[in-house]
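Below: the structure, in C-alpha cells.
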Amino acid sequence: EDQVTQSPEALRLQEGESSSLNCSYTVSGLRGLFWYRQDPGKGPEFLFTLYSAGEEKEKERLKATLTKKESFLHITAPKPEDSATYLCAVQPSGNTGKLIFGQGTTLQVKP
Amino acid sequence: DVKVTQSSRYLVKRTGEKVFLECVQDMDHENMFWYRQDPGLGLRLIYFSYDVKMKEKGDIPEGYSVSREKKERFSLILESASTNQTSMYLCASSGGGANVLTFGAGSRLTVL
C-alpha cells in the first residue's frame, strides 16, 4: 500500500535555528514527490517537485532533497514568517495526477 | 494569476441536508480533485475527474458524489449530510502535463 509519513508532527524553533523535516514514503514506483506549505485557514501552496533520488531544489531558506525512501525539507536560519504546516505528497507511477499526502509537520518559529 | 475558487468559505448545515460545494478553475486544467482535511488524518482524496463528465472514486467516496458538466467546474455533493462530514474541503486542479496541484482556499463545513 502506498503510504507517506511525515515527522515530526510539530516543531518549534527559535528564529535562526536551522532544522529539517522528514517525509518517508512507500510507493509502487515514484513519479514525483511534492512539498507544499499551508497557512492556517488557507489551501496548500506548492513549493517543490522532486523526481529522482539525488535531486535537490532550493527556494530562499528552504531546500528539499530526495532519496529512494525519503525526502527532507531543510530550513536554514528560519524566520517567524516561515511558520506554517508543511505537507509532503507522492505521486505513484501509472497514476495520473492523483497525490497521496502525509499528515504534515506544523512548524512554529519564535522570534 | 492562476486560480481555483471555492464558492463558500464557511457553511453550517443540519444533519440530513443536501450540501453543494462548488469549485471553479480558470486555468483550462483537465484534472480536478476534491480532498477533505482533518486534524491527524491529513488530506484524503474523495473524488477526482480527468475530463468533463468523467469521475473516479478516491480513497473515501462514501457519502459523497460529484458532478463535472463543464471543464472549469467540479462540484462536490453531500446527499444527506452527517456530523462526521464536518471537515475542511479542498478543491484542486492540475493540467498541461504537469502534476502540480493548485488548491483553492478551502470550504469549512460544519454539520450540526
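Remark: mean inter-chain Cβ contacts per residue of A:97-107 equal 6, using a 10 Å Cβ-Cβ cutoff to other protein chain atoms. Amide H contacts of A:Leu13: A:Gln108, A:Val109, A:Lys110, each under 5 Å away and 5 or more positions distant or on a separate chain (H built 1.01 Å from N in the peptide plane; Pro and chain starts excluded).
Spacing of the modelled spin labels on A:Tyr51 and A:Gln14, each 7 Å from Cα toward Cβ, amounts to 4.2 nm.
In order along segment A:43-55, phi translates into HN-Hα couplings of x, x, 10, 5, 10, 9, 10, 10, 10, 9, 4, x, 6 Hz, rounded to whole numbers, per the Karplus curve 6.51 cos²θ - 1.76 cosθ + 1.60 with θ = phi - 60° and x for Gly and Pro. Chains A and B together bury roughly 1500 Å² of accessible area, counting both sides, with a 1.4 Å probe on protein heavy atoms only. Rounded to the nearest 20, the size of the Cβ-charge dipole of the protein assembly as shown about its Cα centre is 340 debye, with Lys and Arg at +1 and Asp and Glu at -1. For chain A, the share of accessible area belonging to carbon and sulfur comes to 45 percent (1.4 Å probe, ligands and nucleic acids excluded). The simple Förster model, with R0 at 22 Å and r as the Cβ-Cβ distance, assigns B:Leu41 and A:Lys42 a FRET efficiency of 0.75.
Note that segment B:31-44 has calculated 3J(HN,Hα) couplings of 9, 9, 9, 10, 10, 10, 10, 10, x, x, 10, x, 8, 10 Hz, one per residue in order, obtained from phi through the Karplus relation 6.51 cos²θ - 1.76 cosθ + 1.60 (θ = phi - 60°); glycine and proline are x. Result for chain A in a Gaussian network model with C-alpha springs under 10 Å: among A:Gln14, A:Gln91, A:Gln38, the largest mean-square fluctuation is at A:Gln14. Summed over the residues of segment A:3-110 and divided among them, the accessible surface reaches 47 Å² per residue at a probe radius of 1.4 Å. Projecting the Cα atoms of B:Ala81, A:Val109, A:Thr26 onto the dipole axis of the protein assembly as shown, where Lys and Arg carry +1 and Asp and Glu carry -1 at the beta carbon, places B:Ala81 farthest toward the positive end. Peptide A:35-43 shows a mean partner chain C-beta count of 4 within 10 Å per residue C-beta.
In segment A:22-49, whose amide N lies under 15 Å from the spot 7 Å out along Cα-to-Cβ of A:Ser7? List them in ranges. Counting only backbone N, you get A:22-26.
The values are calculated or read from the model by the stated rules, or taken from the named source; none is laboratory data. Since we're looking at a predicted model, the values are computed, not measured. Backbone-built Cβ (ideal geometry, glycine too); neighbour counts: all protein chains shown. Remember, those area values only see protein heavy atoms, side chains included, never the ligands or the DNA or RNA. Shrake-Rupley method; radii C 1.70, N 1.55, O 1.52, S 1.80 Å.
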